[in-house]
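The values are calculated or read from the model by the stated rules, or taken from the named source; none is laboratory data. Keep in mind the model is a prediction, meaning the values are calculated, not measured. Cβ sites come from the backbone with ideal geometry, for glycine too, and all protein chains shown count toward neighbours. Accessible surface areas use protein heavy atoms only, side chains included; no ligands, DNA or RNA. Shrake-Rupley method; radii C 1.70, N 1.55, O 1.52, S 1.80 Å.
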Number of protein chains: 4
Amino acid sequence: MSSFKSNALRGTFFLVFGLGWSVKYPLKYLSRKLNADNQASRWIQKLDILEGAAKAFLAIAGMLAEQFIPDGSHMGLYSGGTYSWEKLTNWQYTTMYLFYGLSGIVDVLAYSPLKLSLGLDRLLLSVAMFTEGFLFCFHDYNNTALDQHLHSLLLIAIFGGALCALMEVFLRDHTILEFFRTSFFILQGSWFWQIGFVLSPPWGGPGWDQTDRGNFNFLTMCFFWHYAAALLVTAANSVFSYWVKNGVPSLCSSEDGDGWQERDHLIIAC
Amino acid sequence: MSSFKSNALRGTFFLVFGLGWSVKYPLKYLSRKLNADNQASRWIQKLDILEGAAKAFLAIAGMLAEQFIPDGSHMGLYSGGTYSWEKLTNWQYTTMYLFYGLSGIVDVLAYSPLKLSLGLDRLLLSVAMFTEGFLFCFHDYNNTALDQHLHSLLLIAIFGGALCALMEVFLRDHTILEFFRTSFFILQGSWFWQIGFVLSPPWGGPGWDQTDRGNFNFLTMCFFWHYAAALLVTAANSVFSYWVKNGVPSLCSSEDGDGWQERDHLIIAC
Amino acid sequence: MSSFKSNALRGTFFLVFGLGWSVKYPLKYLSRKLNADNQASRWIQKLDILEGAAKAFLAIAGMLAEQFIPDGSHMGLYSGGTYSWEKLTNWQYTTMYLFYGLSGIVDVLAYSPLKLSLGLDRLLLSVAMFTEGFLFCFHDYNNTALDQHLHSLLLIAIFGGALCALMEVFLRDHTILEFFRTSFFILQGSWFWQIGFVLSPPWGGPGWDQTDRGNFNFLTMCFFWHYAAALLVTAANSVFSYWVKNGVPSLCSSEDGDGWQERDHLIIAC
Amino acid sequence: MSSFKSNALRGTFFLVFGLGWSVKYPLKYLSRKLNADNQASRWIQKLDILEGAAKAFLAIAGMLAEQFIPDGSHMGLYSGGTYSWEKLTNWQYTTMYLFYGLSGIVDVLAYSPLKLSLGLDRLLLSVAMFTEGFLFCFHDYNNTALDQHLHSLLLIAIFGGALCALMEVFLRDHTILEFFRTSFFILQGSWFWQIGFVLSPPWGGPGWDQTDRGNFNFLTMCFFWHYAAALLVTAANSVFSYWVKNGVPSLCSSEDGDGWQERDHLIIAC
């Protein structure tokens, strides 16, 4: 698997969850507000289980892909011939997917009769993201400074998301934290695609110059443009979900005073 | 635009908001305490909308200034002739203003019938400041150690303000956090002016010696003198706003015991 | 004492507490839920005192072992002959055990008639872990890069556990924090064993190559496999304790809706 | 002023406040518990004002000492003759005392009819400590590695205390945080004395060898022994204050069950 396909695969994994959450959380929030009956709870419960199962399934698929693609590691870790470790990068991504898989399994088990502590699912998601972050921190980028710079920027998205998930252990169902985490997931997904395009363009060629300082400065900015786009996409999906569910509001409505009161109410509900 | 004018522009942007907040927050606090009726709420609401619109307008003005001044980037980013990125510093500040612009737009939308989650405006302000901070972190200061040192000190003000704004997402309308954030904004504004005077004095000349260690040590101290001044200005404006609204208190009043009770009351109200 | 035995001793110290907690905390949690009478409280109280005494005793044993083993420091710190400090590594581990000993003494005193502030026991545990972490941070790994890398990874477990304990000062008896801290203790214990095997294998030989970059990358991954194992062991012990106390639940029970209600109840109890 | 006297002066400043707090906070806590009438509140109030005034007075004394001692800076900052900054170290400590002075003034003003926001005194203390920490961070230790190492260790105490004070803005009168902050102040005071003895012994001589790695390792340990001593002193003073106020408890009292209930009560009162 070429480096581009591999990065695109990872990017798609995070984009799927980020975009999915950007629709799911506003809907969950609206359902809870509109009707407090059991129907909405059950529907969210089913979606949570489905999400956990999808996460576990995609993680296992990712692990198998890293191992059994033509130039994968095929479960071999140490070469007796050369007395050296081999295919460590594939194993590193396998480790990363392993933790996301554990997180998916806990998401599903949270609704089993095992009665797990509430918050354990967010904790495992946070652990998965911290693991991913530390793996990139301690990765050995031998003499490829641009590669390292790209992954340093990625760390902002990873650790930002991990801290969000960690805070959600204590502040569950906080709309702002869910919004923030969603935007970080979309950012991470789109940045993996960008890394693929920069380091190994799909149309062939050697990738960008690893020594040009201009590339470093441009990509730093580019990362924050990705984040601006991620914020806009998350916001647009929230508004869109709201309109699909409630209808487009007339902008000149007379409920201004009510809106103020309702917002006071919401913060209490959080 | 010479470096001095550019730094002065940025400094003025932050000083305007910092000084504005140093008057606005004490007044908001007093209004809420004195009369709990709707009138004060509506007045604060209008001020918030105005502030958001001003922030968005100034940010757009800043973006246009960085692009279309004589030696700006004129929307050009990549030079086909030299195969290199050009005017990246202008683009970097454009990115910075972009996020402050987004923050301003969200400030305005917070009062629209869209019913945004409470706290999203503070989150976007925090994101704008973190973005600014990371842009300065990853900036390439090629061999200008004093330049880097000045911006390292600036990072204390930027990240301090960003953390304040982030905590306000969860502890909204906390007077101490607002005081702290205001002082960091004034510090940031006055430090941008200082950077301008050090690196490119308006009366011409080459700027300070980039290699003299004494300059480094002096500027470190100087930064904290700026902060002491920022704290004093914020405090003086608070006291002044209080006196304008309430009249000067007689220092020998007999309401000492009451003051104690009232302070107990205030912390509960927070 | 060879380096392997010394590392194995430290690893066993942390494993004993980590595995003990992985059984104790679920049982405490179940006791509290099932019967709110004094009997459970008294039983937990006795276990806490026993744990504190064991911690203090093991710490003193560790201190004596570091001092009075054949190649220990025998209370000598400065050699007048060579004008140099000697056996500083032994003294460093003595310092580490000293703080764990203080933590154990405070655990016992927390139930004495001295009426210590609640939370002081967690604070001292946190202080002990931070001390351990800073001692490893400032340790002088002269030219042994692999040694330093192994201890850098260990710092993740140490500071993670220290932060958990610090948060427990404010959020006492939080099941998630206790779960997290337990998993970090097991990780720390197993990683000390791993350090022993890597740096000074018990079957003799020179330890792993300190210059091979492959070793660095493999051990980074290996650390997170240890953590995955630590999480699984903690989870398995929790489930096992639950089954021993309550009997194995039938997976097809009809109490799904109740389970949801009960979980809502639990988060309030936390 | 030789470096030893200067360090001893700083150390005494922090020791006086640390030891004073180690007696004041337990007494405050006991007064509040025993009698909830106004008398205790007024007594604490007077002590707080006295403490603030002492802090402001000592800070001003420190500033004057740094300026007007024989080899002080005598208000001179820039030498026109050599075109260089002079006596920057004296100015740095003047800056440090300035912020402690501001903190002392706010402590006093907190009880004035100005009605400051509760928590502002703790915020200013935190700002003073962060300022001190950043001044040491950015200080230029030209080629004196041991000097830098000693101040790096000091930073643990400074930033630890600063974080405690910052948390007290939000969790006022939290006994654990006050205990922790007190221990960090005592540590800082005793470590300044240690720095004096290491770098410029009062009996003359050149100070310790700046290149011996053994010195680095020993001093790291030594710092934590200081902390163990600081913890013991703080704890002993707490217990002593308790005994002076309440009489020595009999260790075989029958109030064990009551003690447990009372402790549950205390955490609610916090």
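Would you kindly work out, in nm and rounded to one decimal, the distances from the label point of B:Ser84 to those of the same position in each other copy, ordered shortest first, with label points 7 Å along Cα-to-Cβ? Ordered by increasing distance: 3.7, 3.7, 5.2 nm.
Scanning residues 5 or more positions from A:Ser84 or on other chains, those with amide H under 5 Å from its amide H are A:Ser79, with H placed 1.01 Å from N in the peptide plane.
Solvent-accessible area of the protein assembly as shown (1.4 angstrom probe, protein heavy atoms only): carbon and sulfur portion equals 66 percent. Work through the residues other than A:Leu135 whose Cβ is under 14 Å from its Cβ and net out their charges, Lys, Arg +1 and Asp, Glu -1. Net of charged neighbours comes to -2. Roughly what % antiparallel, to the nearest 5, for the DSSP beta bridges in the protein assembly as shown? Bridges in the protein assembly as shown are about 100 percent antiparallel. Across D:Leu15, C:Leu163, the residue with the most accessible area heads the list, and the full order at a 1.4 Å probe is C:Leu163, D:Leu15. Could you work out which residue, out of D:Ala110, D:Ala228, D:Ala165, moves most in a Gaussian network model of chain D, that is, has the largest mean-square fluctuation with Cα springs under 10 Å? Looking only at D:Ala110, D:Ala228, D:Ala165, the largest GNM fluctuation is found for D:Ala228. A point 7 Å from Cα along Cα→Cβ stands in for B:Lys46, and the other copies hold the same point at 5.1, 5.1, 7.2 nm, listed in rising order.
The value obtained for the stretch C:185-224, namely the Cα convex hull volume divided by the number of residues, is 61 Å³ per residue.
Relative to the longest principal axis of the Cα atoms of chain C, the long axis of helix C:3-34 makes an angle of roughly 10 degrees. Net charge dipole, the protein assembly as shown: roughly 1180 debye, given to the nearest 20, about the Cα centre with Cβ charges of +1 for Lys and Arg and -1 for Asp and Glu. Grouping the Cα pair distances of the protein assembly as shown into 10 Å bins from zero gives a pair-distance distribution of 2, 9, 16, 22, 24, 18, 8, 2, 0, 0 percent in increasing distance order. Angle of helix C:120-137 to the longest C-alpha principal axis of chain C, folded into 0 to 90 degrees and rounded to 10: 30°. Note on the protein assembly as shown: helix-only mean residue ellipticity at 222 nm, from DSSP H runs of 4+ residues weighted -39500 (n - 2.57) and normalised by residue number, equals -26500 deg cm²/dmol. In the context of the full protein assembly, C:Cys164 retains an accessible surface of approximately 10 Å², using a probe radius of 1.4 Å and ignoring ligands and nucleic acids. Sorted largest first, the spans of the alpha carbon positions of the stretch A:1-100 along the three principal axes are 66, 23, 16 Å.
Only Lys, Arg, Asp and Glu carry charge here, each on its Cβ (+1 for the first two, -1 for the last two); on that basis the stretch D:4-265 has a dipole of about 460 debye about its Cα centre. Residues of the stretch C:85-106 that bury at least 50 Å² of accessible area when the other protein chains are present, relative to the chain alone (probe 1.4 Å, heavy atoms, ligands and nucleic acids excluded): C:Trp85, C:Leu88, C:Phe99. Chain D holds its axis-closest Cβ, relative to the rotation onto A, at the residue and whole-Å distance D:Phe170, 7.
Which residue, A:Ile176, A:Ile156, A:Ile60, has the most motion in a Gaussian network model of chain A that connects Cα atoms within less than 10 Å? Among A:Ile176, A:Ile156, A:Ile60, the largest GNM mean-square fluctuation belongs to A:Ile176. In the full protein context, chain B carries 43 Å² of accessible surface per residue, based on a 1.4 Å probe and ignoring ligands, DNA and RNA. Heavy atoms of chains B and D lose about 3400 Å² of accessible surface on contact, summed over both sides with a 1.4 Å probe. Each copy carries a label point for A:Ile69 at 7 Å from Cα toward Cβ; from one copy, the others' points are 4.7, 4.7, 6.7 nm away, ordered from shortest. Say the cut-off is 20 Å between C-alpha atoms; which of C:Lys55/C:Lys87; C:Lys28/C:Lys245; C:Lys115/D:Lys24 go over it? Pairs exceeding the cut-off: C:Lys55/C:Lys87.
Cα centroids of the stretch C:214-233 and the stretch C:51-125: 29 Å apart.
Per-residue mean of foreign Cβ neighbours for D:210-223 is 5 (Cβ atoms of other chains, 10 Å radius). Out of every Cα-Cα pair that the stretch D:135-257 contains, those further apart than 16 angstrom amount to 70 percent. Its convex hull of Cα atoms gives chain A a direction-averaged projected area, equal to a quarter of the hull surface, of 18.2 nm².
Between D:Lys46 and B:Arg213, the simple spin-label model (points 7 angstrom out along Cα→Cβ) gives 5.2 nm. Here the Debye sum runs over all C-alpha atoms of the stretch A:137-206 as equal scatterers in vacuum, and log10 of I(q)/I(0) at q = 0.17 Å⁻¹ comes out as -0.70. Quick one: helix B:175-199 against the long Cα principal axis of chain B, what's the angle to the nearest 10°, folded into 0 to 90? Tilt of helix B:175-199: around 30 degrees. Taking label positions 7 Å along the Cα-Cβ direction at both A:Thr82 and D:Met75, the computed distance is 7.3 nm, reported to one decimal.
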